[in-house]
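Let me begin by presenting the structure, written as structure tokens, before commenting on it.
The values are calculated or read from the model by the stated rules, or taken from the named source; none is laboratory data. All figures in this text were calculated on a predicted structure; none of them were measured in a lab. Calculation scope for accessible area: heavy atoms of the full protein, side chains included, ligands and nucleic acids excluded. Shrake-Rupley method; radii C 1.70, N 1.55, O 1.52, S 1.80 Å.
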Amino acid sequence: MDYITYIIVALIPALAVAFVVYTFIKNNNEKDLKHMSIQLKQERQKFFLEPRADAYQRIVLLLERINPHSLIMRLHNTNKSAIALQTELLSNIRNEFDHNVAQQIFISNSSWEMVKKSKEETIKIINVAAQQMDEKSTATDLSSKIFEIVGELDELPTEIAIKVVKEEFQRLF
């Protein structure tokens, strides 16, 4: 029986030391893992910061380019018919949007939804104005009608979307 007592007496401190060493190593590994995770996140943010900033710039540029005022100033031609201008305006909006669709991976889903909604609302403004034209209407008539509709709005859809995108970009810093 004395032999078993000596073994138990010797094992208790050994087990206590083993437990302390195990706990120390486990806590140390968890700290290292947490530290590495933080470093990885910081490196990832550095790597993606420039492309994200570029994406926000491109989205704002897209929204500025599909703003009805910008579109008409860029595409208006007095020799065109209203239907020809409508077609060109809508085509230009879709091309601008399609050219920048990949930027959605760098911005939030809510901001991207605002960009899409802005595009659709701008298309709607053009189509509503075009529906009020007859076959003989000119590009100038359509432009005037679009400006009239835009003048009735408190804020353009593109301006609202730009505000949302800018606010989101500011939160990055």
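Only one residue in LYS26, LYS41, LYS46 is part of a helix (DSSP H, G or I) and over 28 Å from TRP112 (Cα atoms). Which one? Every option except LYS26 fails the conditions. When GLN86 is tested against (1) open to solvent by 60 Å² or more (accessible area, probe 1.4 Å); (2) polar (S, T, N, Q); (3) more than 28 Å from the chain's Cα centre (by Cα), exactly one condition is not met: (1). Across the stretch 53-83, the qualifying residues are those that are among the basic types (Lys, Arg) and open to solvent by 70 Å² or more (accessible area, probe 1.4 Å), and the one among them that is nearest to ALA139 (Cα to Cα) is ARG74.
Taking the stretch 116-131 as the range and being within 30 Å of GLN103 (Cα to Cα) and open to solvent by 40 Å² or more (accessible area, probe 1.4 Å) as the test, the residues that pass are LYS116, LYS117, GLU120, GLU121, LYS124, ASN127, VAL128.
Quick grid of which residues meet (1) open to solvent by 90 Å² or more (accessible area, probe 1.4 Å); (2) not in a helix (DSSP H, G or I):
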position: ARG94; (1), (2): yes, no
position: MET133; (1), (2): no, yes
position: GLY151; (1), (2): no, no
position: ILE162; (1), (2): no, no
